[in-house]
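Below is one structure; the comments refer to it alone.
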Amino acid sequence: MSDAQYVSGNTYAFGSDVAIRILMFAMVFSFLNSLFGFTLVVLNRQMKLMWINLAALAFNLLVNLMVIPLWGFRGAATITVISEFLILIMAYTSVHRALQFHISSTGFFKILISSLMMGAAVYGGFVWLKDVSYLVQLAILVPLGIVVYILAMFKTNAITPEMMALLKKR
């Protein structure tokens with residue numbers, strides 16, 4: 001860490017950018033894992049959640065022992081993504097068994113379209129504002145993303161009139 005090249009700012013030489021790019025996928029699974037994990041806690045199934053995480057830990061540890069000597073931190077980052085995905089599958093299955101719910105593919109598609117529209121708007125704004133300071137970009141692009149997402153959710157009917165009625169009740 002105290003190498004002159006590292007201190008000078010050329011961190012790409014050490015490959016941390018590669019690890020971050022791989023681990024970004026784990027963030028998606030981790031976000032969903034927290035949703036299903038908290039649902040299991042609410043359902044008083046903390047022990048099930050503990051066993052799920054213990055199984056993922058065992059998988060991560062054992063596979064990392066094999067992968068790290070071959071592929072180093074890139075392999076460890078990839079195994080972390082796979083471990084988070086395994087937690088997602090096991091937690092989803094446990095919550096599904098407990099609540100007997102289903103995920104609507106139509107609703108999922110509408111939300112995905114809305115997310116893509118928001119992403120396109122924010123990316124376009126980022127390209128357009130490339131010469132503006134980072135704080136100004138944030139001040140403009142975050143509200144833009146929120147507005148585009150909400151409008152797209154209404155336009156695609158991902159937010160139904162029934163949902164709006166429930167929100168107005170509160």
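The values are calculated or read from the model by the stated rules, or taken from the named source; none is laboratory data. Note that the structure is a prediction, hence the values are computed from the model and not measured. Cβ placement follows ideal geometry from the backbone for every residue including glycine, while neighbour counts extend to all protein chains displayed. SASA here: full protein model, heavy atoms, side chains in, ligands and nucleic acids out. Shrake-Rupley method; radii C 1.70, N 1.55, O 1.52, S 1.80 Å.
Per-structure values
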quantity	calculated
Among the candidates T106, T80, residue that is farther than 17 Å from L49 by Cα, in contact with a helix residue (DSSP H, G or I) (Cβ under 8 Å, 6 or more places away or on another chain) and polar (S, T, N, Q)	T80
Near pairs, Cβ below 7 angstrom, 6+ apart or cross-chain, from the stretch 78-100 (under 25 Å from M24 (Cα atoms) and free of Cβ contacts under 8 Å to residues at least 24 places away in the same chain) to any residue that is open to solvent by 20 Å² or more (accessible area, probe 1.4 Å) and of a type outside the set (D, E, K, R)	I79/N60; I79/V63; I79/N64
Output for the stretch 31-75, where each listed residue is part of a loop (DSSP other than H, G, I, E, B) and among the polar types (S, T, N, Q)	N44
Within the stretch 1-23, tally of residues that are open to solvent by less than 100 Å² (accessible area, probe 1.4 Å), of a type in the set (A, V, I, L, M) and modelled with pLDDT of 65 or more	4
Listing of helices (runs of 4 or more DSSP H) fully contained in the stretch 76-170 that carry 3 or more residues being among the small types (G, A, S) and open to solvent by less than 80 Å² (accessible area, probe 1.4 Å)	105-128, 134-155
Residue pairs meeting the criteria (Cβ under 6 Å; at least 6 apart or on separate chains; first aromatic (F, W, Y), in the stretch 27-52; second open to solvent by 50 Å² or more (accessible area, probe 1.4 Å) and part of a helix (DSSP H, G or I))	F29/F85; F36/Y92
